[in-house]
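**Student:** The structure is given below, and queries will be raised subsequently.
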Amino acid sequence: MEDNASSFIRVRDVIIVGAGPSGLGVAARLCERMPAANFTDDEHNRFHWIKQHRASIKNSRTGSETRRPPAAAPTNTQELDLLALDAFGTCWMQRWQGMFKTFDISHLRSPMFFHVDPAERDGLLSYAYAKGRDDELRELHGCVGKELSKYQRKKREKLGRQPKNIPTVDERDRKDYYVPSTPLFFSHCDCVADRYHLCDDILCQEQVEDISYGIVGEFSDEQKIFTVKTSNGCHYGKIVVLAIGGNPPQIPYPLTTEEMEGATHAMHIKAFPPPYMQKKIAARAQTNVLVVGGGLTSAQIADLAVRRGVTKVWLIMRGPLKVKYFDIGLEWVGKFRNIEHAQFWNSETPAERLDKITKARNGGSITPYYKKIVEKQISAGRLEMLLHTTIDSKKWDPASKTWTVTLKGERQDLPPIDHIYFATGVETNFECLPCLQSMCRDYPIENCGGFPCITENMTWRDDVPLFVAGRFAALQLGPGAHNLIGARIGADRIAWSIQEMLGKEESRDRGSWSQEKFNYLTGRGSRFDALANITVAG
């Protein structure tokens, strides 16, 4: 890298806060010269062919050829001074891996085209077959079926020939509607990180405490830069990408320090079940667990508790049981743009977008696969599920290490509860994040339902190059921002803006190519534009 014009401090090009899917997605996308998300399949294949064979352009009038320069090595982080900070470890996706291991999750919920590889839409699927691990894919039964027109669906529904909830994904896309095993997915993430050399002194384990933007005298008296204060010191950068998953998890009920022994938020589970319960289970004593929440995590914890030897599990949720393949409806899921996304992006106000996000996600839900597991445990008498139910009162006895709990709903009383698990998700309110207090004070922006109203370029403000990825970018990315698909789309949009700001072209090896020749060979725009500059004999 070029020297940053200062011998006092090192100023990074980009600092990424968070090493989850959004952080990895941005880092990988910044290093990818030909991202699949920016090309159609035909364009992407053609561009790779041109690059491989060093195709030449022949002038049909003069017969002369312009040969493309030899291809350069793949872009890597040596061209970009990149730093990633994460509080949970020195490996990408480390917190995700820890949570999946804790919950003993065998497969992801997301389909095969939800991944962080910027080079290929079907990168995860290709990786599975290339490594001979296609047996680790699990089909989403009932998700794919014969495609019917809107008229045909309405006619059949009117005649009562089919249920209203029919598969909406065409048969030709069946290969996409499998879910990868947990080991396969994380192996692919490691492969992506290795491909772009993102593991070489790029990621540091540091808790980010504050982000500020302003003049730093040791660097410049005119140009503003970011100061990222961490548990280990300070880092400086021209651009910062905030790629975190949400606010710190909190139990929705006030608990004393003594009571905290008997209750755990799902995101804080370290030992499952806790040691004092493990002793009871080993002694074959009666044990009872209460799980609060209506999402997939609550079902996973309930099933895991039964498999770990808990006598009886009580699963309560404040609303009805909702069953969906994904967090968002099938109408929002797909490789390509659809009418739902178009309507979202055409919304005129943040409030309208927030309303669409809320309706699309519609609270927590479980998958059809876990619904069968829950029903099996209920039939065996090991699990009881109570809908439209909340906790009315609770009292912890430190001597017996049990709760006395009363409910508000279809059932009021429960036997002594050994432990309560709260699978209630995390709050979304950027103004409550400790690391953003300086930004909110010095560069305030509008808050809409806890989400920051960022610009279309994914920045905090037009004059502040703090990029936002993941959950907190939902007002720009849509309801999928919380998921892997949001990580990929967000990374693509952020990378375009960063490369423009830093003055770095994605394809450095184009040499003396003109933009017109590049567009012609890659199929961008209309190829008839190439005729515009041809002199017509008069």
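**Student:** Within 10 Å, count the other beta carbons around each residue, average over each peptide in 456-462, 487-493, and list them highest first. Could you put the intermediate results ahead of the total?
**Tutor:** Values: 456-462: 16.9, 487-493: 25.1.
Packing order, densest peptide first, comes out as 487-493, 456-462.
**Student:** Could you tell me the distance between the Cα centroids of region 234-310 and region 379-405, to the nearest Å?
**Tutor:** So the separation of the two Cα centres works out to 15 Å.
**Student:** Moving on to the next point. Pop out the ³J(HN,Hα) list for region 486-493 in order, Karplus 6.51 cos²θ - 1.76 cosθ + 1.60 with θ = phi - 60°, rounded to Hz; leave Gly and Pro as x.
**Tutor:** Each residue of region 486-493 in turn: x, 4, 6, 5, x, 4, 5, 5 Hz.
**Student:** Listed here are the pairs Lys155/Lys324; Lys372/Lys394; Lys324/Lys359; Lys270/Lys401; Lys324/Lys372; Lys279/Lys312; which of them are more than 20 Å apart at the Cα?
**Tutor:** Values: Lys155/Lys324 25 Å; Lys372/Lys394 31 Å; Lys324/Lys359 14 Å; Lys270/Lys401 18 Å; Lys324/Lys372 13 Å; Lys279/Lys312 16 Å.
Listed pairs above 20 Å: Lys155/Lys324; Lys372/Lys394.
**Student:** List, in order, the whole-Hz ³J(HN,Hα) value for each residue of region 307-315 obtained from phi through the Karplus relation with A = 6.51, B = -1.76, C = 1.60 and θ = phi - 60°; use x for Gly and Pro.
**Tutor:** 5, 8, x, 5, 5, 9, 10, 10, 10
**Student:** Can you give me the % of accessible surface on region 274-377 that is carbon or sulfur? Probe 1.4 Å, all protein chains present, nothing else counted.
**Tutor:** Working: 2680 of 5130 Å².
Carbon and sulfur atoms account for 52 percent of the accessible area of region 274-377.
**Student:** With θ set to phi - 60° and the Karplus curve 6.51 cos²θ - 1.76 cosθ + 1.60, what are the ³J(HN,Hα) couplings of region 243-259 in order, to the nearest whole Hz, using x for Gly and Pro?
**Tutor:** 10, 10, x, x, 6, x, x, 9, 6, x, 10, x, 10, 7, 4, 5, 6
**Student:** What does the highest-first list of 104-113, 408-417, 208-217 look like by mean Cβ count within 10 Å?
**Tutor:** Numbers: 104-113: 19.6, 408-417: 13.9, 208-217: 16.5.
Going by the mean number of other Cβ atoms within 10 Å, highest first, we get 104-113, 208-217, 408-417.
The values are calculated or read from the model by the stated rules, or taken from the named source; none is laboratory data. These numbers come from a predicted model, not from an experiment. Cβ: placed from backbone, ideal geometry, glycine included. Neighbour counts: every protein chain shown. All accessible areas refer to the heavy atoms of the entire protein, side chains included, with ligands and DNA or RNA removed. Shrake-Rupley method; radii C 1.70, N 1.55, O 1.52, S 1.80 Å.
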